[in-house]
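Read the structure below first, then the notes.
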2 protein chains.
Amino acid sequence: MLKTAEHLYLQIADKLEQLIAKDVLKIGDKLPSVRTMSEEQGVSMSTAFQAYYHLEAKGLIESRPKSGYYVIFSPRRMPEMPKVCEAVKKPSEVTVHEMVTQVSQDMRLENITRFASAAPPESMLPAAKISKALIQALRKTPFAGVGYEPVQGNPDLRRQIARNSILWGGAVSEDEIVTTSGCMDALTLCLSAVTQQGDTIAIESPAYYGSLQLAETLGLKVLEIPTHPGTGVDLEYLDKAIPKFKIKACLFVTNFTNPLGACMPDTHKRELVRLLEKYEIPLIEDDIYGDMYFGKERPGVCKTFDTNGLVLLCNSFSKSVAPGYRVGWTIPGRYLEKVLNLKRHHSISSPSLPGAAIACFLENDRYEHHLRGMRKALHTQYMRHLQAIREYFPEDCCVSRPQGGFVLWVELNPKVNTYELYEQAIKHKISFAPGRIFSLQDRYTNCMRISYSNPWSKQMDDGLKTLGRLIRKLS
Amino acid sequence: MLKTAEHLYLQIADKLEQLIAKDVLKIGDKLPSVRTMSEEQGVSMSTAFQAYYHLEAKGLIESRPKSGYYVIFSPRRMPEMPKVCEAVKKPSEVTVHEMVTQVSQDMRLENITRFASAAPPESMLPAAKISKALIQALRKTPFAGVGYEPVQGNPDLRRQIARNSILWGGAVSEDEIVTTSGCMDALTLCLSAVTQQGDTIAIESPAYYGSLQLAETLGLKVLEIPTHPGTGVDLEYLDKAIPKFKIKACLFVTNFTNPLGACMPDTHKRELVRLLEKYEIPLIEDDIYGDMYFGKERPGVCKTFDTNGLVLLCNSFSKSVAPGYRVGWTIPGRYLEKVLNLKRHHSISSPSLPGAAIACFLENDRYEHHLRGMRKALHTQYMRHLQAIREYFPEDCCVSRPQGGFVLWVELNPKVNTYELYEQAIKHKISFAPGRIFSLQDRYTNCMRISYSNPWSKQMDDGLKTLGRLIRKLS
């Protein structure tokens, strides 16, 4: 075996990882400097640096500017992953959850420790840069944007989205894209285009309550598909369910589902597209969290395997740039004309300036730079939160291991009702999302969604400590 | 009889009106200056000025800055008003009109003489002032508007809309208002809130094709209600039709219908609300043209007579300030919660900055000032167009007399097919809206909608002359 530089750095990294696993190197410990490490191990500075970089990418250590590398994570004694939910007997008629309204309202309370929102806090968003882009757009747009833009959306924006499609493995043209008012509007238009009142659609379970409520307002029935916290929806089950329940369309988050954090491997994505083709049904692919990956590469999308136009890919800039701008988009494949007509009839066109501003922002390549910083921050926050949950929550709890996105899914002892927990937590000015709202069935009552979208702080630490205490009381 | 100043000015105005009617004073003639008039008639300057002002308000003369008063209109030999359409046997299943798509696309062609759009040209809109308001909003909104605003809409904007409600006779609070993405989105949300797929709704006839298409996308059936070009929908017919056709909701433009220009008198509005109460059905009141009146006072709305929350008033700033901003609103009465939920589920919230900008614009009282100028310009344009139609079109054509809005409705000899005319006109680079698109029935094929939203010019004059010539050939 050649003792190449590559193997050297991996050997060093492995050693350090073992020390961390055995708690020899504890969370918060400072590691030797890259120079010291290079001298001690008799390797080049570059090899020592590569070892640290590797561990950082694995989320075990972090570099602090002008200070060095610190241990931030230990993989030992980690809680189990949550279980896959059981399949249901029949699709559910959708009902509105007052719980959702309450959780949404509580989120806006002041002085609250927020674990409830699957969106970044404003402080994480590039407000100054996007404002600059807006001023630029104001100058650039004819008549300062007071007139209607084309129904399909700002051409510059569509061009930039097409240009960026290479990031998710696509190669689309601007003519295939329709801009929307955020991702929810994209989902609304796409669902309306492919279904009729009374139809049944398949959604992963647990699922974002917003998608369940959208299905309700469109008069659809929902079949919840068992979903693995690692690999996403159970395709074998889906294959049987489509004919059995006369599924007319699928609505899936393929990367980092909300709340479970599941990311479908590419092989599954390809297999899913094959299933769609077999049954000739469309997939509305919600990729809202796809850009927020922790690994080295962005996960792909089903759309790249779609040669029949059955996939309607939906996304937005709401999780990364500016939710308040409400700029989203869809690539609706063979349903392009239908989606365009619905957009035309429901709202004529999108507001001109927010889209033009996002186009300017993308044009200046600020997006990738901003995303890199955001992904890194989110990864660190994820590990901090996971670490604290491991420390403060009862040992029998299970926790998801998302490789991207904004949220953790925690499964507690079946005795614990997380809505009861929620009501107690709110009294302590702590918010989270109780599991019950992520299903139309009476399930997930012992689960909770914890967002790590806020920067780590003593307040967050105290919040999780208090939650842990409250959970133990209810166990 | 007292010879008061008031009577004096009316006497003078009457005399002038007679001279205009007898073609002694011809279109384009300059009137004596106010000073000359005051000396000649032995009245005060103020009385002479009042006489001119009165004639100007009646649309017979216009003042040109630094030049004086000119005759712009003569009431003699005016064409008849269009006839009321006949009632239909049953509600129509809605079908999409390819014609609409064609007309919409042709509207965007370059170098075209535009009589097709029921919206103001960009040059008529306050682009600079609204841009200034946007910059103001950018500074004022927390985090420069990158975050979500409340589902119900920007509070400042709702406050300003509430404050302005006095203009249409309302006295609403900001809590009753929901902001939307233009008026079409308001209509979409309201129709979705009060109907289910398969329901039948009542719409005036002829009706805006956008409303007919919206009904289609929502799976609704439409009963077209005979509508008088002066006074609006036939309430006697409606009273019988509601129980007979199981009407679930009405969707009416109450002021200056598009395309007919009908304005429902206040007595009719009150009567309509009484009908709604009798049958317990809602009215979606589209007041998009209400601010564009030519008379002394803004016409009222049904909403002011509504004590049971059955009226869902919809409007926007798209016809007056900035269609590209997509800022509209609704006051949905007893359906507030339903509309809010639909908005939440379909798009979470409105874009923050366009609404904040409109709020700043309204706050600075720029709106009323801008509206005054726009109304005056529209009135002049209306008369110019009407005049030219009278001159160039065959004598047997009937023309509506809108007291506001952007469009004229012309009924030609039944032999003329206006879609055929349209195809010929487009070859001459002239666009208008053929009558057929304003109904789901096979009617209005000899009608056309002529927009006077563009400033009068030789191009417009030539356009109408050419249209007249083409019509004569087809007659």
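Read the figures in this text as sums done on the coordinates, not as results from a lab. Fair warning: this is a prediction, and the values are worked out from it, not measured in the lab. Here Cβ is always computed from backbone atoms with ideal geometry, including for glycine, and neighbour counts include all displayed protein chains.
For the range B:336-353 and the range B:185-241, what is the centre-to-centre distance using only Cα atoms, to the nearest Å?
23
I'd like to know how the range A:5-71 sits against the 2.2 N^0.38 Å rule of thumb: what's its Cα Rg over that expected value?
Its radius of gyration relative to the 2.2 N^0.38 Å reference: 1.00.
I want to verify the translational diffusion coefficient of chain B in µm²/s; compute it with Stokes-Einstein, Rh as the Kirkwood radius over Cα pairs, at 25 °C and 0.890 mPa s. If you can, show how the numbers build up before the last one.
On the way: Rh = 23.6 Å.
Rounded to a whole number, D works out at 104 µm²/s.
In B, who owns the beta-carbon nearest the axis carrying B over to A, and how many Å from it?
Result for the B and A rotation: B:Gln197, 2.
Summarise the long-distance tail of P(r) for the range A:8-134 by giving the % of C-alpha pairs beyond 18 Å. Spell out each step's value before the answer.
Numbers: 5676 of 8001 pairs.
That tail contains 71 percent of the Cα-Cα pairs.
In whole Å, what are the Cα extents of the range A:346-475 along the three principal axes, biggest one first?
For the range A:346-475, the Cα extents along the three principal axes come out at 53, 37, 26 Å.
Put +1 on the Cβ of each Lys and Arg and -1 on the Cβ of each Asp and Glu in the range A:5-71; which of A:Leu8, A:Tyr70, A:Ala57 then has its Cα farthest toward the positive end of the dipole?
A:Tyr70
Taking 7 Å along the Cα-to-C-beta vector as the label spot, tell me the A:Asp365-A:Gln105 distance in nanometres, rounded to one decimal.
The two pseudo-label positions are separated by 4.9 nm.
If each residue of separation counts as 0.36 nm, what is the full-extension length gain between B:Arg372 and B:Leu19 once their alpha-carbon separation is subtracted?
Result: 124.2 nm gained on full extension.
Hand me the trypsin sites (Lys or Arg not before Pro) from the range B:262-325 located in a DSSP loop with no more than 16 other Cβ atoms within 10 Å, in residue order please.
Details: sites: B:Lys269, B:Arg270, B:Arg274, B:Lys278, B:Lys296, B:Lys303, B:Lys319; in loops: B:Lys296, B:Lys319.
Those satisfying the criteria are B:Lys296.
Suppose only helical runs count, i.e. DSSP H with n ≥ 4. What mean residue ellipticity at 222 nm does that imply for chain A under -39500 (n - 2.57) per run, divided by all residues and rounded to the nearest 500 deg cm²/dmol?
-13000 deg cm²/dmol
What Rg and what Dmax come out for the range A:174-215 when only alpha-carbon atoms are used, in angstroms?
Here Rg and the maximum Cα pair distance are 11.7, 34 Å.
Pulled fully out, how much extra length does the chain show between B:Asn308 and B:Lys140, if you take 0.36 nm times their separation in residues and subtract their Cα-Cα distance?
56.7 nm
Using the Kirkwood radius over C-alpha pairs as Rh, can you work out the diffusion coefficient of the range B:285-423 via Stokes-Einstein at 4 °C, viscosity 1.567 mPa s, in µm² per second?
For these conditions, the coefficient is 71 µm²/s.
In chain A, once you exclude exposed GluC sites (Glu not before Pro) (DSSP loop, at most 14 other Cβ within 10 angstrom), what's the longest stretch remaining?
Longest run free of exposed loop sites: A:111-279.
Through the Karplus equation 6.51 cos²θ - 1.76 cosθ + 1.60, θ set to phi - 60°, convert the phi angles of the range B:307-323 into ³J(HN,Hα) values in whole Hz; use x for Gly and Pro.
Ordered by residue, 3J(HN,Hα) equals 9, 10, x, 8, 9, 10, 7, 10, 7, 7, 9, 6, 8, 10, 10, 7, x Hz.
Calculate log10 I(q)/I(0) of the range B:109-206 for q = 0.11 Å⁻¹, where I(q) comes from the Debye formula with a single equal point scatterer on each Cα and nothing for solvent.
Evaluating at q = 0.11 Å⁻¹ gives log10 I(q)/I(0) of -0.58.
Enumerate the lysines that B:Lys30 could reach by cross-link, defined here as Cα to Cα under 22 Å, with residues fewer than 8 away along the same chain left out.
Counting by Cα, and skipping residues close in sequence, B:Lys30 has these lysines nearby: B:Lys15, B:Lys22, B:Lys58, B:Lys66, B:Lys376, B:Lys458.
At 7 angstrom along the Cα-to-beta-carbon line, where would the label on A:Pro142 sit relative to the other copies? Give the distances in nm, shortest first.
3.9
Please list the non-local residues whose amide H lies under 5 Å from the amide H of A:Val399, H modeled 1.01 Å from N, same-chain partners needing a gap of 5 or more.
Amide H to amide H, under 5 Å and 5 or more residues apart or across chains, A:Val399 pairs with A:Glu80, A:Met81, A:Glu411.
What is the average number of partner chain Cβ atoms found within 10 Å of a Cβ in B:324-330?
5
Kirkwood Rh over Cα pairs of the range A:127-367 into Stokes-Einstein at 37 °C, 0.692 mPa s: D in µm²/s? Provide the component values of the computation, followed by the final result.
Numbers: Rh = 18.1 Å.
Once the numbers are plugged in, D ends up at 182 µm²/s.
Working only with C-alpha atoms, what are the Rg and Dmax values of the range B:354-401, expressed in angstrom?
In order Rg, Dmax, the Cα atoms of the range B:354-401 give 17.4, 50 Å.
Averaged over B:134-146, how many beta carbons belonging to a partner chain fall within 10 Å of each residue's beta carbon?
Neighbouring Cβ atoms belonging to other protein chains average 5 per residue here.
Considering only the label points, 7 Å along Cα→Cβ from Cα, what distances in nm to one decimal separate A:Glu39 from the same position in each other copy, shortest first?
Shortest to longest, the spacings are 10.7 nm.
Copy-to-copy spacing for A:Gly295, label 7 Å out on the Cα-to-C-beta vector, in nm, shortest first?
Label-point distances to the other copies, shortest first: 7.0 nm.
Regarding the range A:175-267, what is the average projected area of its C-alpha convex hull, in nm²?
Spelled out: convex hull of the Cα atoms, projected over all directions, averaged, 6.5 nm².
Would you work out the relative contact order for the range A:5-71, in percent, from Cα pairs under 8 angstrom that are 6 or more residues apart?
Normalised by residue count, the contact order of the range A:5-71 is 40 percent.
Just to be sure I follow: if Rg is taken over the C-alpha atoms of the range A:204-253 and Rh is the Kirkwood radius over the same atoms, what is Rg/Rh?
Working: Rg = 11.0 Å, Rh = 11.5 Å.
Computed over Cα atoms, the ratio is 0.96.
Binning at 20 angstrom from zero up to the longest distance, how are the C-alpha pair distances of the protein assembly as shown distributed in percent?
With 20 Å bins starting at 0, P(r) equals 13, 40, 30, 12, 4, 0, 0.
Calculate the mean, over all residues of peptide B:115-124, of how many other protein chain Cβ atoms lie within 10 angstrom of the residue's Cβ.
Details: counts 0, 0, 1, 0, 3, 2, 2, 7, 3, 1.
Going residue by residue through B:115-124 and averaging, the value is 2.
Please find the FRET efficiency linking B:Gln197 to B:Lys244, where r is the Cβ-Cβ separation and R0 is fixed at 25 Å, and quote it to the nearest 0.05.
So, using R0 = 25 Å, E works out to roughly 0.75.
Please work out the FRET efficiency for the pair B:Ala128 and B:Glu297, using the Cβ-Cβ distance as r and a Förster radius of 25 Å; give the result to the nearest 0.05.
0.30
How much length would be gained if the chain were fully extended between B:Lys278 and B:His7, taking 0.36 nm per residue of separation minus their Cα-Cα distance, in nm to one decimal? Intermediate results must be reported in sequence, preceding the final value.
Working: separation 271, 0.36 × 271 = 97.56 nm, distance 4.59 nm.
Full-extension gain reported as 93.0 nm.
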